[in-house]
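Everything below concerns the one structure shown next.
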């Protein structure tokens, strides 16, 4: 990212006071002042130019319902509403785990309120491609792996989609932040299109920085029940998505050189409770 790119958007969008906030593989992130308010400017890297567009499409669809607003955007930069409060991880860490799940349910209710279209979004089946490829390899080698079972459940779920919506695609406790003016808001969506139950799966695999909490069957079932009651989705179907997603996440973790132990543990806890697919 060149200084010229920052200067271009400061001038083009009438932004002032840029302060570095974060740097990721997809973007260089700044707080800026826009129309007298703090906002977030994301200058996209070459990777981000490809990866961030689906998320921008999701934010346009949400239009502020349960999510930060996309204030301005083009192929190289996004200007976003700023939510300056804590995320939900501290709430869980101080013992308010169930309250955090109720908040997430309320955010999800808003995100999924309008059906929308799949234009500019990632089809949910595409998210599972790497799991399906690994399952094919295991099957050809005669391995009765967890990935093979996860792919079987994922295929059954995808073949019978229910309540298709514009999905966040990566919702968890650290991707929901408090705004003093508008309450709890999701940010950094991946922009996926498919059954709304998918957005619940990663919630129940988190917060990942509290593994002893997450890898607890009683907690998993209780919080799946909270989400089921609040969002009117069968608990067994939620747990089926948790199982399939945890298998996928374990594969992603291993592929990236990270320890997949927590994902594998969650998959093992969810598997006996899989119904509704």
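Residues in region 16-37 that are in contact with a strand residue (DSSP E or B) (Cβ under 6 Å, 6 or more places away or on another chain) and either surrounded by 14 or more Cβ atoms within 10 Å (Cβ to Cβ) or modelled with pLDDT under 95 (or both): 18, 21, 22, 27, 28, 29, 30, 31, 32, 33, 34.
Are any of the residues in region 89-104 in contact (Cβ under 8 Å) with a residue 24 or more places away in the chain and closer than 30 Å to residue 14 by Cβ? No, the conditions are met nowhere in region 89-104. Restricting attention to region 43-68, the residues being surrounded by fewer than 20 Cβ atoms within 10 Å (Cβ to Cβ), in a loop (DSSP other than H, G, I, E, B) and on the phi < 0 side of the Ramachandran plot number 2.
Restricting attention to region 1-12, does a residue exist that is touching a helix residue (DSSP H, G or I) at 6+ places or on another chain (Cβ under 7 Å) and either outside the structural domain of residue 186 (by TED's automatic domain parsing) or in a helix (DSSP H, G or I) (or both)? No, the conditions are met nowhere in region 1-12. In region 149-177, of all residues being assigned to a strand (DSSP E or B) and either in contact with a helix residue (DSSP H, G or I) (Cβ under 9 Å, 6 or more places away or on another chain) or without any contact (Cβ under 8 Å) to a residue 24 or more places away in the chain (or both), the one that is surrounded by the fewest Cβ atoms within 10 Å (Cβ to Cβ) corresponds to 164.
Residue-wise test of (1) more than 29 Å from residue 133 (Cα to Cα); (2) more than 16 Å from the chain's Cα centre (by Cα); (3) free of Cβ contacts under 8 Å to residues at least 12 places away in the same chain; (4) part of a helix (DSSP H, G or I).
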| residue | (1), (2), (3), (4) |
| --- | --- |
| 208 | no, no, no, no |
| 213 | yes, yes, no, yes |
| 220 | no, yes, no, yes |
| 224 | no, yes, no, yes |
| 229 | yes, yes, yes, yes |
| 237 | no, yes, no, yes |
| 242 | no, no, no, yes |
| 248 | no, no, no, yes |
| 253 | no, no, yes, yes |
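Residues that are closer than 30 Å to residue 4 by Cβ and in a helix (DSSP H, G or I) do not occur anywhere in region 34-42.
The values are calculated or read from the model by the stated rules, or taken from the named source; none is laboratory data. Worth saying up front: this structure is predicted, and the values here are computed from it rather than measured. In this analysis, Cβ positions are derived from the backbone assuming ideal geometry, glycine residues included, and neighbour counts consider all displayed protein chains.
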